[in-house]
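Accompanying notes for the structure given below.
The values are calculated or read from the model by the stated rules, or taken from the named source; none is laboratory data. No experiment lies behind these values; they were computed from the predicted model shown. Positions of Cβ are generated from backbone atoms using ideal geometry, with glycine treated the same way; all protein chains shown enter the neighbour counts. Just so you know, the surface numbers come from the protein's heavy atoms only, side chains and all, with ligands and any DNA or RNA stripped out. Shrake-Rupley method; radii C 1.70, N 1.55, O 1.52, S 1.80 Å.
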Amino acid sequence: MGSRRMDREGRPVAEAPALGRSAPKDAVGVWTARVPASSANLGSGFDVLGMAVDLELVVRATFDPEAPGALSIAVAGAPPAAGAAAGGAASIPNDETNLIYRAFRAALQAAGEPVPGVRFVIESAIPPASGLGSSAAAIAAGLILARGVLGARFRIDDGLALAVRLEGHPDNVAAAFFGGLVAARAAEEGAVSVQMVRRELPLRLLALVPERPLSTASSRAVLPKAYSRPDVVDALAKVALLVSAVKNGDWGALKPLFADRLHQPYRLPLVPGAEAVFRLANDRRCLGMYLSGAGPTIMALFLDEAERAAWLEGARPVLEAYGFRPLELAPSAVGARVETPEGETLAW
């Protein structure tokens, strides 16, 4: 999955040579990175399957080679995280702990380049700490900015390996990099393999974001250290069938394939009301439901907007009783890309 140039609407255009920029000293003007949110752990695709969705992180960056190490971060807008007290712009760090900056800096350091002064203006529609890939989007934004600045020397393999080191697993970052629904694997030696399952997904999504936050660390801590052979075989079968069903557009086959045994039985009790919401998946209009990423967001799939609206109307009493906020979304076919000061758009 190599480098692709995109037009302003996010559509691939004819292949062209990579940007001829070789060092941050050439990075004059405003660079704009755009990265989609993502939803991972579809069914039994635990740490393997990730899907890009149409919430977006936008980062406008300017660089000053004459002021190495200088950093300025302004947050123009961000939605609240899961949890009534968490939220928005206040949850995005404006110092060196910011993931966008950490990823950008790590890429330049790996290339042996000095890190210039940086100013970021961040606008995010992705709720943080909600299981919708906000950290993966931040990492992908920093790396696609580095890709634009460093040019062809910063290869896709380098970017993926670095992203996984920062994120810890490949599913969200692969979806953020490429868009669509992807399968990803990170080998122990650091290499990352990614396959596009399907770029265009004619579905409608409903993200159900609860009031209470759930930290990834807490969500990981409840998982067992080992699984039984029947659970592993069940997961392998469901992942293979799910990938085949998505490729073939057999949407009616999806629902039983989301009945995961690897992570959802352990994590659902951490999300108040989750089991009641999951019972709503029995409605014929819902194609399937799963815990997005490490949670706490629950993702439901539908064939079209009418089916989604009808299901949501019936589900409102349960959602309101347990404090779930619905977000109407769609899969995104477009992954991370950066617009150069000259107006060109570069994607992985």
Subject >> Meets criteria (free of Cβ contacts under 8 Å to residues at least 40 places away in the same chain, under 30 Å from Val115 (Cα atoms) and under 19 Å from the mean Cα position of the chain (by Cα)) for Ala217 >> reply: no
Original post:
Looking at Ala294, Ala300, Ala309, which is the one that is part of a helix (DSSP H, G or I) and of a type in the set (A, V, I, L, M, F, W, C)?
Top reply: Ala309
**OP:** Could you figure out which of (1) among the hydrophobic types (A, V, I, L, M, F, W, C); (2) surrounded by 22 or more Cβ atoms within 10 Å (Cβ to Cβ); (3) not in a helix (DSSP H, G or I) isn't true of Ile139?
**Re:** (3)
Original post:
Has region 129-136 got any residue that is touching a Gly at 6+ places or on another chain (Cβ under 6 Å), at positive phi and touching a residue at least 60 places away in the same chain (Cβ under 8 Å)?
Top reply: yes
Subject >> Subset of region 142-159 [out of contact with any Gly (no Cβ under 8 Å at 6 or more places or on another chain), open to solvent by 10 Å² or more (accessible area, probe 1.4 Å) and not in a loop (DSSP other than H, G, I, E, B)] >> reply: Ala152, Arg153, Asp157, Asp158
Original post:
With respect to the numbered conditions (1) in a helix (DSSP H, G or I); (2) over 23 Å from Ser130 (Cβ atoms); (3) open to solvent by less than 30 Å² (accessible area, probe 1.4 Å), which one is the sole condition not fulfilled by Gly343?
Top reply: (1)
Original post:
If you check Val239 against the conditions, is it closer than 29 Å to Gly159 by Cβ and over 19 Å from the mean Cα position of the chain (by Cα)?
Top reply: yes
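Yes/no per residue for (1) open to solvent by 30 Å² or more (accessible area, probe 1.4 Å); (2) farther than 30 Å from His263 by Cα; (3) modelled with pLDDT of 95 or more; (4) hydrophobic (A, V, I, L, M, F, W, C):
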{"position": "Ala33", "(1), (2), (3), (4)": "no, yes, yes, yes"}
{"position": "Pro36", "(1), (2), (3), (4)": "no, no, yes, no"}
{"position": "Asn41", "(1), (2), (3), (4)": "no, no, no, no"}
{"position": "Met51", "(1), (2), (3), (4)": "no, no, yes, yes"}
{"position": "Leu57", "(1), (2), (3), (4)": "no, no, yes, yes"}
{"position": "Arg60", "(1), (2), (3), (4)": "yes, yes, yes, no"}
{"position": "Pro65", "(1), (2), (3), (4)": "yes, yes, no, no"}
{"position": "Pro68", "(1), (2), (3), (4)": "yes, yes, no, no"}
{"position": "Ala74", "(1), (2), (3), (4)": "yes, yes, no, yes"}
Original post:
Looking only at region 249-267, which residues are in contact with an Asp or Glu (Cβ under 9 Å, 6 or more places away or on another chain) and surrounded by fewer than 19 Cβ atoms within 10 Å (Cβ to Cβ)?
Top reply: Ala259, Arg261
Original post:
Is region 214-223 home to any residue that is among the hydrophobic types (A, V, I, L, M, F, W, C) and crowded, with 17+ Cβ neighbours inside 10 Å?
Top reply: yes
Subject >> Subset of region 299-330 (residues that are open to solvent by less than 30 Å² (accessible area, probe 1.4 Å) and within 23 Å of the chain's Cα centre (by Cα)) >> reply: Met299, Ala300, Leu301, Phe302, Arg308, Phe324, Leu329, Ala330
Subject >> Filter result for Leu19 (buried (at least 18 other Cβ atoms within 10 Å of the Cβ), closer than 21 Å to Val149 by Cα and modelled with pLDDT under 85) >> reply: yes
**OP:** Working only within region 176-213, note down all residues that are part of a loop (DSSP other than H, G, I, E, B), within 23 Å of Val35 (Cα to Cα) and of a type in the set (A, V, I, L, M).
**Re:** Ala191, Leu201, Leu203
Subject >> Hey, Ala333 open to solvent by 50 Å² or more (accessible area, probe 1.4 Å), at pLDDT 95 or above and either within 25 Å of Phe177 (Cβ to Cβ) or in a helix (DSSP H, G or I) (or both) or not >> reply: no
Original post:
Considering region 263-291 alone, what residues qualify as being over 19 Å from Gly133 (Cβ atoms) and in a loop (DSSP other than H, G, I, E, B)?
Top reply: Pro272, Gly273, Asp283, Arg284, Arg285, Cys286, Leu287
